[in-house]
Amino acid sequence: MGENEETLVFVKPRNEDIAYYVFDYLCELLNRDKIEYTKSKTNPVICPPEKIVSEHYRDLRFFDGEIFRDTIEVYKNGTIFLQTYSGEDIISGVRKNIGNTAPERAEDWTVRGYFRRDSLENALKQKRYLNNVIHASSDASEAKRELGLWNDFLD
C-alpha cells in the first residue's frame, strides 16, 4: 500500500483556452489507471506575483538567466490555473500521466504529448520559456514547498 500524498498541478500561461480540457484529460488518464484521488476546484491566477514565480522556478536562475527572465515575463503577463490532487501515490500517478518535460519526447497519450505546443530543443536554442502546458510537483518535498508557495491562491 502506498502513501497518501498531495501535489500541486497547474496549467501554464499561454494555455488559457485549453486549461479546463487539460485538467479533464488528466482526470480521464488517472481514472483509466484506476488511481483514486480528490482534487481541489480550479483556481485561475491572473498575473501571478513575480516573487512567487521567481521562487517556484529558482533552479532556472542557475541554469540560464535569460530563460529564467523570459519565464518570469511570461508568467507576469499571463494566467495560470492551479489545482491540487491528493491520494495514494498521487505524485507518481500524475507525473506518469502528464509525460516527459520535453513535449516532443512525451508519449502522445500523455497530457504533454496530447497538448504538445512547443519543444525543448527550440526553447533552448532560442533561450526562452518552454511551453510544455502543465506543471506538476516532482516529488513529495517539492510538492510541500510548492503548495506552501501557492497556498494563498488555493481554496
Problem - Under the Debye formula (equal points on every Cα, no solvent term), log10 I(q)/I(0) of the range 11-155 at q = 0.20 Å⁻¹ - result: -1.43
Fill in the blank from the handout: Rounded to two decimals, the Rg over Rh value of the range 86-131 from Cα coordinates and the Kirkwood Rh reads 1.09
Handout entry: Rounded if a/c under 1.5, otherwise prolate or oblate - the range 106-150, Cα gyration tensor axes
Key = oblate
Fill in the blank from the handout: Toy charge model, Lys and Arg Cβ at +1, Asp and Glu Cβ at -1: the range 64-140 dipole around Cα centroid in debye, rounded to 20, equals 220 debye
Fill in the blank from the handout: Trp109 and Asn122 label points (each 7 Å along its Cα→Cβ direction) are spaced in nm at 2.6 nm
Completion exercise
In this structure, among Lys12/Lys76; Lys34/Lys144; Lys39/Lys96; Lys39/Lys144; Lys51/Lys76, pairs with alpha-carbon gaps over 19 Å are Lys34/Lys144
Problem - Difference of contour (0.36 nm per residue) and Cα-Cα distance, Asn4 to Asp89 - result: 30.0 nm
Handout entry: Loop GluC sites (Glu not before Pro), the range 1-78, which have at most 15 other Cβ atoms in a 10 Å radius of their Cβ (DSSP)
Key = Glu3, Glu36
Completion exercise
Of the accessible area of the chain, computed with a 1.4 Å probe and all protein chains kept, carbon and sulfur make up a percent value of 49 percent
Completion exercise
From highest to lowest solvent-accessible area (probe 1.4 Å; ligands, DNA and RNA excluded), Leu60, Leu30 read Leu60, Leu30
Exercise for the section: Compute the accessible area per residue over the chain, keeping the other protein chains in place, probe 1.4 Å, unit Å². Expected result: 53 Å²
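The values are calculated or read from the model by the stated rules, or taken from the named source; none is laboratory data. Keep in mind that this is a model prediction, so the values were computed, not measured. Neighbour counts are summed over all protein chains in view; Cβ atoms, including those assigned to glycine, are modelled from backbone coordinates with ideal geometry. For the accessible areas, the whole protein counts, side chains as well, though only heavy atoms, and no ligand, DNA or RNA atoms are used. Shrake-Rupley method; radii C 1.70, N 1.55, O 1.52, S 1.80 Å.
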